[in-house]
Amino acid sequence: MDIKRLHVGKTLSEIAVHNGTIYLAGQIAEDATQNIDGQTREVLGHIDRLLAEANSDKTRILMCQIFISDVKDFAGMNAVWNEWVADGHSPPRATVQAQLVNPEWLVEMIVTAAQK
């Protein structure tokens, strides 16, 4: 099986697809001036866009890993997540507090999903 990569850069690809499984790179907010609600919405928007490009959507997410820079933001991030996630399709998920590379980033998400 071939590996298809999209948005390939020198350091990373935004998407890799192999054998019907989609792997997204860690998604962060481009506008790091936003609070946790805004950054989470932006990240989820990136995930929606990339999954659509790879012939999938949020109902097909197999696993999500979430990194937040401060555990105090967990409730805010979770509130936005719960508005976004499709009813009956909550994927397995892990959330950890982590020191992100850019101190202005509040949340980063990594998704694995199935193609349609």
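Bear in mind these aren't lab numbers, they're just calculated from the coordinates by the rules spelled out. Values in this document were obtained by computation on a predicted structure and should not be read as measured data. All Cβ positions, glycine included, derive from the backbone under ideal geometry; neighbour counts span all protein chains shown.
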Among the residues of the range 81-112, what is the count of those that are outside any strand (DSSP E or B) and at negative phi? 20
Positions within the range 2-38 being more than 18 Å from Met109 (Cα to Cα), outside any strand (DSSP E or B) and of a type outside the set (Lys, Arg), in sequence order: Asp2, Gly9, Asn19, Gly20
Which members of the range 4-30 meet the condition of being more than 23 Å from Asn82 (Cβ to Cβ), crowded, with 17+ Cβ neighbours inside 10 Å and not acidic (Asp, Glu)? Ile15, Ala16, Val17, Tyr23, Ala25
So Tyr23 passes all but one of these: (1) farther than 28 Å from Ala75 by Cβ; (2) in contact (Cβ under 8 Å) with a residue 60 or more places away in the chain; (3) in contact with an Asp or Glu (Cβ under 7 Å, 6 or more places away or on another chain). Which condition number does it fail? (3)
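Here is a yes/no grid of residues against (1) touching a residue at least 12 places away in the same chain (Cβ under 8 Å); (2) surrounded by 19 or more Cβ atoms within 10 Å (Cβ to Cβ):
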site	(1), (2)
Ala32	yes, no
Thr40	yes, yes
Val43	yes, yes
Leu51	yes, yes
Ser56	yes, yes
Phe67	yes, yes
Ala75	no, no
Trp81	yes, yes
Thr95	yes, no
Select from the range 10-20 the residues that are in contact (Cβ under 8 Å) with a residue 40 or more places away in the chain and β-branched (Val, Ile, Thr) and list them in ascending order. Val17
